[in-house]
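Engineer: Got a structure for you, questions after.
Throughout, read-outs are computed from the coordinates displayed, never taken from laboratory work. None of the values given here were measured: they were computed from a predicted structure. All Cβ positions, glycine included, derive from the backbone under ideal geometry; neighbour counts span all protein chains shown.
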Amino acid sequence: MTCATRRPPFQLACFICKTEALNYDNLLIISGTGSHWVLFVVDFKAKRLISINSLTSTTVENLVEGEIKIIQACYAVAQKEFNPEGWTVCECNDVPQQTNSTDCVVHVALNAFSIMNSIPIAKSVAYKKARNWLNSILTTDTTVERVMKTKSKDQLLCAVANVEKDWSCDCPIFPRSNKFFSGLFEIKDQPTLWDKCEDEHRQGGKV
């Protein structure tokens, strides 16, 4: 999901209501500073908020509070109490760094694909091929349209109310740590298939 800026509680409620996010092990979030995009991964079982940043010269500290609010929102929509005890913010400290200042979204997409398919993170990127691949698989269906196909209006309104209730409150502070990508996602040390971004290695569903 992407972090909305205009109506965050409403956008969050739509997404969480449809997906029932707590039923999944991980939630992938794309968040932006205004000039840079960063991938965050919520690992519900391990109680970790993982930052995967392809431009570490750009700090993501000001984004963390928003991600914690998203975690709280997942519990609120499920009508479960969120307990911050045991949760940590973990920075992935071996993320390949982008070679320019404009292709952070390419790194975000390829890193997300690597996580979803349990393959090693890309060590280098053929940017032109990667951008062409992204353009070929992007969808245009909106969050609200997808939700209304599967959830009733009452369910959606209840989800929005639950998220809005805690949105303006102070969020808890998670302690920090650093780990390697392979350890965070239990991926064996093997050659990555993404170094050349070849066509045969990027078949499959939508991003």
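Engineer: Hey, fewest Cβ within 10 Å first, where do Phe180, Phe44 land in order?
Structural biologist: Phe180, Phe44
Engineer: Expressed in nm to one decimal, what extension gain is obtained for the pair Glu61 and Thr102 from 0.36 nm per residue of sequence separation less their Cα-Cα distance?
Structural biologist: On the way: separation 41, 0.36 × 41 = 14.76 nm, distance 2.04 nm.
So the chain would gain 12.7 nm between Glu61 and Thr102.
Engineer: Restricting to DSSP loop positions (anything but H, G, I, E, B) with no more than 14 other Cβ atoms inside 10 Å of their own Cβ, which GluC sites (Glu not before Pro) remain in segment 71-111?
Structural biologist: On the way: sites: Glu81, Glu85, Glu91; in loops: Glu81, Glu85.
Here the sparse-neighbourhood loop sites are Glu81, Glu85.
Engineer: Working out 0.36 nm times the residue gap between Ala46 and Asn83, then minus their Cα-Cα distance, what length gain in nm do you get to one decimal?
Structural biologist: Result for the pair: 12.0 nm of gain on full extension.
Engineer: In segment 35-98, which trypsin sites (Lys or Arg not before Pro) are in a loop and have at most 14 other Cβ atoms within 10 Å, using DSSP for the loop call? Show your work: numbers first, answer last.
Structural biologist: On the way: sites: Lys45, Lys47, Arg48, Lys69, Lys80; in loops: Lys45, Lys47, Lys80.
For trypsin sites (Lys or Arg not before Pro) across segment 35-98 that sit outside H, G, I, E and B with at most 14 neighbouring Cβ atoms in 10 Å, the list reads Lys45, Lys80.
Engineer: Strictly over 32 Å apart at the Cα level, which of Lys80/Lys129; Lys69/Lys179; Lys129/Lys179; Lys69/Lys128; Lys45/Lys128 would you flag in this model? List each step's numbers first, then the result.
Structural biologist: Values: Lys80/Lys129 43 Å; Lys69/Lys179 23 Å; Lys129/Lys179 30 Å; Lys69/Lys128 35 Å; Lys45/Lys128 36 Å.
The pairs that break the limit, which is 32 Å between Cα atoms, are Lys80/Lys129; Lys69/Lys128; Lys45/Lys128.
Engineer: What does the charge count near Glu61 come to, summing +1 for each Lys or Arg and -1 for each Asp or Glu among other residues with Cβ under 13 Å from its Cβ? Numbers along the way, then the final one.
Structural biologist: Numbers: positive: Arg176; negative: Glu65, Glu67, Glu91.
Net charge around Glu61: -2.
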